[in-house]
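Before any comments, here is the structure.
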Amino acid sequence: MYSREQITALKPTSGELMVSGMMNGMGSMSMTTGTSMSHVEVHICSKATGRAVTGAMPAMTLTREGPSPATTTIMVAEMTGLDGSAADIHYGNNASTVNGSSYVLRVMLDGQTGTFTMTTPRAGKSGK
């Protein structure tokens, strides 16, 4: 994830442009053993047109399930791929997660809530 200033200075060839909101980069959080940084994102589309919605800024929480539940409020950023495609507008950020844990992501916007479940990969395994 890059700000406009970072893209100008670094000229990356892959990644995402942070259009607005708060960026939480890989180096901004202290990591503990058994944790990793996960990129959490949602695409919000208009039901009427099917097109990506811009400027939505939903509220997002990520809750780890299990014997030690914990909820994190995600600092939401509006992002797009470096190609700037309007179809790739999405919302989210990086979040510290515990390897091999199950999570519930709640996305709230204009009185509506979407709920998604996911499991992070175990240490040393790749996947989404």
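Given the criteria open to solvent by 40 Å² or more (accessible area, probe 1.4 Å), among the charged types (D, E, K, R) and either assigned to a strand (DSSP E or B) or under 21 Å from Gly21 (Cβ atoms) (or both), does Glu41 qualify?
Values: open to solvent by 40 Å² or more (accessible area, probe 1.4 Å): yes; among the charged types (D, E, K, R): yes; either assigned to a strand (DSSP E or B) or under 21 Å from Gly21 (Cβ atoms) (or both): yes.
Here the answer is yes, as Glu41 does meet what is asked.
How many residues are at pLDDT 75 or above and more than 19 Å from Ala70 (Cβ to Cβ) if we restrict to region 2-38?
20
Being of a type in the set (Gly, Ala, Ser), within 26 Å of Tyr2 (Cα to Cα) and in a loop (DSSP other than H, G, I, E, B) is the filter here, so list the residues in region 76-122 that pass it.
Gly84, Ser85
Kindly evaluate Ala77 against the criterion of being within 26 Å of Pro12 (Cα to Cα), open to solvent by less than 30 Å² (accessible area, probe 1.4 Å) and in contact (Cβ under 8 Å) with a residue 12 or more places away in the chain.
It is true that Ala77 is within 26 Å of Pro12 (Cα to Cα), open to solvent by less than 30 Å² (accessible area, probe 1.4 Å) and in contact (Cβ under 8 Å) with a residue 12 or more places away in the chain.
Can you work out which of the residues in region 58-74 that are without any contact (Cβ under 8 Å) to a residue 40 or more places away in the chain and assigned to a loop (DSSP other than H, G, I, E, B) is surrounded by the fewest Cβ atoms within 10 Å (Cβ to Cβ)?
Looking at the filtered set, the residue picked out is Pro67.
Residue under question is Gly55, and the condition is that it be on the phi > 0 side of the Ramachandran plot and open to solvent by less than 50 Å² (accessible area, probe 1.4 Å); does it hold?
Taking the combined requirement at face value, the residue does not satisfy it.
For region 90-99, check the following and say yes or no: at least one residue is exposed (fewer than 13 other Cβ atoms within 10 Å of the Cβ) and either modelled with pLDDT under 95 or out of contact with any His (no Cβ under 8 Å at 6 or more places or on another chain) (or both).
No: region 90-99 contains no residue that is exposed (fewer than 13 other Cβ atoms within 10 Å of the Cβ) and either modelled with pLDDT under 95 or out of contact with any His (no Cβ under 8 Å at 6 or more places or on another chain) (or both).
The values are calculated or read from the model by the stated rules, or taken from the named source; none is laboratory data. Keep in mind that what you see is a predicted model, and the values were worked out from it rather than measured. FYI the Cβ positions are ideal-geometry reconstructions off the backbone, even for glycines, and counts take in every protein chain you see. Ligands, DNA and RNA are excluded from the accessible area calculation, which covers all protein heavy atoms including side chains. Shrake-Rupley method; radii C 1.70, N 1.55, O 1.52, S 1.80 Å.
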